[in-house]
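**Q** So that we are looking at the same thing, I have put the structure below in structure tokens.
The values are calculated or read from the model by the stated rules, or taken from the named source; none is laboratory data. These numbers were taken from a predicted model, which means no experiment stands behind them. Neighbour counts run over all protein chains shown; Cβ positions are idealised from the backbone, glycine included.
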Amino acid sequence: MYVVVGLGNPGKEYANTRHNIGFDTIELLAQRNNIDINKIKFKAVYGEGQIGNEKVILIKPQTYMNNSGMSVLDLYNFYKIPIEKIIVVVDDIDIQFGTIRIKRKGSAGTHNGLKSIIYHLGDDGFPRVKVGIGSPKPGEDLAQFVLSRFSKQERQTIDHTIELACAAIETIINEDLNTAMNIYNSKNNKAQE
């Protein structure tokens, strides 16, 4: 069994912001695999279903970004899933806009959602799929930037990037992490402008 955690903030005011790319990815992944996100538990909304031959849980923590780890820990304690089968989808300001990067494990960098998950699990050994959301202009406030929405042109690119992220997650689940990294970490994975 795999768990895919999309990071974001609950509430209409945060919908479609850069910081909610994890939620957007979970929604598309659910749609692509006929999974209803309609259950409430673990301080989250979630759905259960299949991707290929694997049982999966798709989860959107409702704790706000900075406390995402509380929700992930609740789920982890309930299902006793191996850490390496918890895939976290997260926005990233440090990779090229419109690209994805898969990492097996590692530090949180500047991302408060990842910091919270690592803190609560006491482990950074979970894979993550990072989506490049662009980066703030010099002098622009980081918090304001990540809570901003994409321009119309950026949105077209990001929608394609979310499809790439879904395909990468499906590859991790149906094949393995190394295969997904070989395919999607290549420099050719940028969404078409």
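**Q** Restricting attention to the range 42-70, which residues are over 15 Å from ILE21 (Cα atoms), of a type in the set (Ser, Thr, Tyr) and within 14 Å of the chain's Cα centre (by Cα)?
**A** Scanning the range 42-70 gives a single hit, TYR46.
**Q** Report yes if ILE172 is buried (at least 18 other Cβ atoms within 10 Å of the Cβ) and more than 12 Å from VAL90 (Cα to Cα), otherwise no. I'd like the intermediate steps shown before the answer.
**A** Details: buried (at least 18 other Cβ atoms within 10 Å of the Cβ): yes; more than 12 Å from VAL90 (Cα to Cα): yes.
It is true that ILE172 is buried (at least 18 other Cβ atoms within 10 Å of the Cβ) and more than 12 Å from VAL90 (Cα to Cα).
**Q** While we're looking at this one, here's another question. Tell me which residues, restricted to the range 175-190, are part of a helix (DSSP H, G or I) and loosely packed, with under 15 Cβ neighbours inside 10 Å.
**A** Filtering the range 175-190 for residues part of a helix (DSSP H, G or I) gives 177-184, 187-189.
Matches in the range 175-190: ASN178, THR179, ASN182, LYS187, ASN188.
**Q** Name the residues in the range 1-22 that are touching a Phe, Trp or Tyr at 6+ places or on another chain (Cβ under 8 Å), outside any loop (DSSP other than H, G, I, E, B) and within 14 Å of VAL131 (Cα to Cα), would you?
**A** If the condition is that a residue be touching a Phe, Trp or Tyr at 6+ places or on another chain (Cβ under 8 Å), outside any loop (DSSP other than H, G, I, E, B) and within 14 Å of VAL131 (Cα to Cα), then GLY6, ARG18, ASN20 are the ones that fit.
Each row is one residue, and each column tells you yes or no for (1) within 22 Å of VAL88 (Cβ to Cβ); (2) part of a loop (DSSP other than H, G, I, E, B); (3) modelled with pLDDT of 95 or more.
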| position | (1), (2), (3) |
| --- | --- |
| LYS137 | no, yes, no |
| GLU140 | no, yes, no |
| PHE145 | yes, no, no |
| GLN153 | no, no, no |
| GLU193 | no, yes, no |
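**Q** If we only count strands (runs of 3 or more DSSP E) wholly inside the range 23-111, which ones have 3 or more residues that are surrounded by 16 or more Cβ atoms within 10 Å (Cβ to Cβ)? So that I can check it myself, show each step before the final result.
**A** Numbers: elements: 39-41, 44-51, 54-61, 86-92, 100-103.
Qualifying strands (runs of 3 or more DSSP E): 44-51, 54-61, 86-92, 100-103.
**Q** In the range 50-63, is there at least one residue being basic (Lys, Arg) and within 24 Å of ASP94 (Cα to Cα)? Spell out how you get there, then give the answer.
**A** As a first pass, look at the range 50-63 and keep what is basic (Lys, Arg): 55, 60.
Narrowing the set further to residues that are within 24 Å of ASP94 (Cα to Cα) leaves 60.
The answer is yes, given that some residue of the range 50-63 is basic (Lys, Arg) and within 24 Å of ASP94 (Cα to Cα).
**Q** From LYS130, LYS115, grab the single residue that is basic (Lys, Arg) and either assigned to a helix (DSSP H, G or I) or in contact with a helix residue (DSSP H, G or I) (Cβ under 6 Å, 6 or more places away or on another chain) (or both).
**A** Exactly one residue qualifies, and that residue is LYS115.
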